[in-house]
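Only one structure is covered here, and it is reproduced in the block below.
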Amino acid sequence: MTPALSSVPPILPYSELARQRALDDLQILDTPPEERFDRITRLVKELFHVEIAIISLIDHDRQWNKSSAGIDPDQPTEYPRSIAFCDSTIDACGILIVPDARIDPRFRDNIYVTGAPGIRFYAGHALEAHGGERIGALCVFDTQPREFTALEQNLLRDLAFWVQKELNASQELDQAAAVQRGLLPKKLVSLPGFEVAGACSPARAVGGDFYDWYPVGEGAAFTLADVMGKGVGAAIIAATVRAVLRAGSRLAAVADVAGAAAATLEPDLDEAGSFVTLFHARLDMDTGVIRYVDAGHGLSLVVHANGTTERLTSLRLPVGAGDDSPWEEQQVVLAPGSTLISVSDGVLDLFDGTLASLAAVDRLVRQASTAQAVVDSLMSLAGVSAPDDVTVIVVRREMEG
Amino acid sequence: MQFTVTDQGDGIAVVHIAGRLNMVTAPRLREVVAASVAAGQNRVAVDLSDVDFIDSSGLGALIGGLKTARQAGGDLRIAAPNEQVRLVLQLTNMERVLTAYPAASDAFHG
């Protein structure tokens, strides 16, 4: 069947395709209202003494408002693009001022001018995505004609930049979070006789905690580290710490791995005014021997099958805190039925915030039947709103026979 | 968060902090210590008696201040940390280099 001519999609210029793609990439269309945008439209409305302020996005053939102030909540949040003032703004060179729409040949026949709400005044500044694509506008409307001074235009431009930063920031953070999740280890396949599980729940989109594991020789290496601070800055350093430790996997001794990593990291940590607490261990899967180093982390337990629990000693200051003593490795044996668990300090806040929390972690390990169950129960306590990054790694040696 | 710096003479400054020493307030502590050291008071006693909470960024500021003071030939010592601050120092082993004194006035006159 030949489609009717009117249903054939128009051939769009490249700039429109790029514009639409940039807007789609932000993944913001049809999302619920957000206070970070609503506070801007409220402020804009008051600042310019206008009836309406809007953050609009131009999507295919419609204008969709991410936020508005001065419009009844039961009014539609989208309009046909063909009659949208803001579509003209993204075509204009960044800013569009219409002092009186009734005498402006471009708008005097617009239904919002001839009919309700009777728009007379419009001022809009384009909003750009990362590549400069004009995806929408920050705009104000009034039913009284008025001038818009150069000073007001500058203000509107600054406020539009603020909106732009908010629009793009959330996307950057989401991307950073995805990259950071990608750096977490996948299921460890070849460690017969052992179960391994881990999880990391950053307090923000990204964080300074991480865990890692990878096969080394006849066993595996495990890391749990906590970079000072929270957020993106800590996450960048965390990715570096992970990389330099992995680079050491060819070295035979964990003390050498950690020593080489620390020597690489220290100048950077010094520059950033940061430090890292670190637990790094290697397991020999034939013997269950764990050799480890601990630099100011101090939150690792071996929950022995015989009923005792051993807290693994931390010998050093955190990396970056100026400790130049030689790295010494320590050793513990994971007997069948025993569990190694290492947690970040955020886990203490899930209980009473003191070291007594480790006793609660111990009980939780003894009650759980698998490594994954231990991780799951701690993560369910962390929920979605833990104040600090919460990270845990569990290595459980199965009972023999 | 309030910072008060008192010149004790003899190259000693007492920095009194009240409130939470965290990601928000830690940079201010770094600045205050750096300014004291730059002004020749390279023996800095940080009075923590009115600090209710410290996080890793706060600890980072103490470590940074310690480095700054030592590089200038001085030292940074802490006084009167509460239980939560002590726990953070103990877990990270930082209590070994950030010795806690009962009062700021004792820190350099033991």
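The values are calculated or read from the model by the stated rules, or taken from the named source; none is laboratory data. These numbers were taken from a predicted model, which means no experiment stands behind them. Here the Cβ positions follow ideal geometry from the backbone for every residue, glycine too, while neighbour counts run over all protein chains shown.
Within the stretch B:30-59, how many residues are within 19 Å of A:Ala234 (Cα to Cα) and within 11 Å of chain A (Cβ to nearest Cβ)?
Total meeting the criteria: 6.
How many of the residues in the stretch B:55-104 are in a helix (DSSP H, G or I), of a type in the set (S, T, N, Q) and in contact with a helix residue (DSSP H, G or I) (Cβ under 7 Å, 6 or more places away or on another chain)?
Total satisfying the criteria: 2.
So, of the residues in the stretch B:60-88 that are touching a Pro at 6+ places or on another chain (Cβ under 9 Å) and more than 10 Å from chain A (Cβ to nearest Cβ), which turns out to be farthest from A:Ser325 (Cα to Cα)?
For the stretch B:60-88, the residue satisfying everything is B:Ala80.
Could you look through the stretch A:205-221, keep only residues that are within 14 Å of another protein chain (Cβ to nearest Cβ) and under 20 Å from A:Arg316 (Cβ atoms), and pick out the one that is surrounded by the fewest Cβ atoms within 10 Å (Cβ to Cβ)?
The residue in question is A:Asp209.
From the list A:Leu348, A:Leu358, exactly one residue is in a helix (DSSP H, G or I), buried (at least 22 other Cβ atoms within 10 Å of the Cβ) and either in the same structural domain as A:Thr264 (by TED's automatic domain parsing) or touching a Gly at 6+ places or on another chain (Cβ under 8 Å) (or both). Which is it?
None of the others qualify; the one that does is A:Leu348.
Kindly provide the set of residues from the stretch B:15-62 that are under 21 Å from A:Gly207 (Cβ atoms), of a type in the set (A, V, I, L, M, F, W, C) and surrounded by fewer than 24 Cβ atoms within 10 Å (Cβ to Cβ), ordered by number.
B:Met23, B:Val24, B:Phe53
Looking only at residues in the stretch B:89-110 that are among the polar types (S, T, N, Q) and on the phi < 0 side of the Ramachandran plot, which one is farthest from the other protein chains (Cβ to nearest Cβ)?
B:Ser105
For residues that are more than 30 Å from B:Arg70 (Cβ to Cβ) and out of contact with any strand residue (DSSP E or B) (no Cβ under 8 Å at 6 or more places or on another chain), scanning just the stretch A:306-328, find the one that is nearest to the other protein chains (Cβ to nearest Cβ).
A:Thr308
Going through the stretch A:269-295 one residue at a time, which ones are in a strand (DSSP E or B) and within 27 Å of B:Thr99 (Cβ to Cβ)?
A:Val276, A:Thr277, A:Leu278, A:Phe279, A:Val293, A:Asp294, A:Ala295, listed by residue number.
Would you mention how many residues in the stretch A:247-292 are within 14 Å of another protein chain (Cβ to nearest Cβ), within 27 Å of A:Glu398 (Cα to Cα) and out of contact with any Leu (no Cβ under 6 Å at 6 or more places or on another chain)?
1
Scan the stretch A:38-73 for residues that are of a type in the set (D, E, K, R) and either buried (at least 22 other Cβ atoms within 10 Å of the Cβ) or farther than 18 Å from A:Asp142 by Cα (or both) and report the count.
6
What single numbered condition from (1) in contact (Cβ under 8 Å) with a residue 60 or more places away in the chain; (2) in a strand (DSSP E or B); (3) under 21 Å from A:Leu155 (Cβ atoms) fails to hold for A:Leu57?
Among (1) in contact (Cβ under 8 Å) with a residue 60 or more places away in the chain; (2) in a strand (DSSP E or B); (3) under 21 Å from A:Leu155 (Cβ atoms), the lone unmet condition for A:Leu57 is (3).
Write out, first by first residue and then by second, each pair whose Cβ atoms fall under 6 Å of each other, whose residues are 6+ apart or on separate chains, and whose first residue, in the stretch A:183-204, is surrounded by fewer than 17 Cβ atoms within 10 Å (Cβ to Cβ) while the second is modelled with pLDDT under 90.
Final answer for the pair search is A:Arg204/A:Lys230; A:Arg204/A:Gly231.
Name the residues in the stretch A:222-244 that are more than 11 Å from every other protein chain (Cβ to nearest Cβ) and crowded, with 21+ Cβ neighbours inside 10 Å, would you?
A:Phe222, A:Thr223, A:Leu224, A:Ala225, A:Ala235, A:Ile237, A:Ala238, A:Val241
Being within 14 Å of A:Leu224 (Cβ to Cβ), assigned to a loop (DSSP other than H, G, I, E, B) and not β-branched (Val, Ile, Thr) narrows it down to one of A:Gly298, A:Gly307, A:Gly322, so name that one.
The unique qualifying residue is A:Gly298.
Given the options A:Arg181, A:Arg157, A:Arg204, A:Arg146, name the one that is modelled with pLDDT of 95 or more and of a type in the set (D, E, K, R).
Every option except A:Arg146 fails the conditions.
Tell me which of these A:Tyr112 doesn't satisfy, since it passes every other one: (1) at pLDDT 95 or above; (2) within 42 Å of the chain's Cα centre (by Cα).
(1)
Criterion first (surrounded by fewer than 16 Cβ atoms within 10 Å (Cβ to Cβ) and either assigned to a helix (DSSP H, G or I) or of a type in the set (Ser, Thr, Tyr) (or both)) does A:Glu266 satisfy it?
No.
On the basis of being in the same structural domain as A:Ala321 (by TED's automatic domain parsing), at pLDDT below 95 and over 20 Å from A:Ala176 (Cα atoms), does A:Gly231 make the cut?
Taking the combined requirement at face value, the residue does not satisfy it.
Would you mind finding the one in A:Leu173, A:Leu159, A:Leu155 that is assigned to a helix (DSSP H, G or I), within 24 Å of the chain's Cα centre (by Cα), closer than 30 Å to A:Gly132 by Cβ and touching a residue at least 24 places away in the same chain (Cβ under 8 Å)?
A:Leu173
Within the stretch A:117-152, which residues are within 13 Å of A:Pro99 (Cα to Cα), in contact (Cβ under 8 Å) with a residue 40 or more places away in the chain and assigned to a loop (DSSP other than H, G, I, E, B)?
Result: A:Thr143, A:Pro145, A:Arg146, A:Glu147, A:Phe148.
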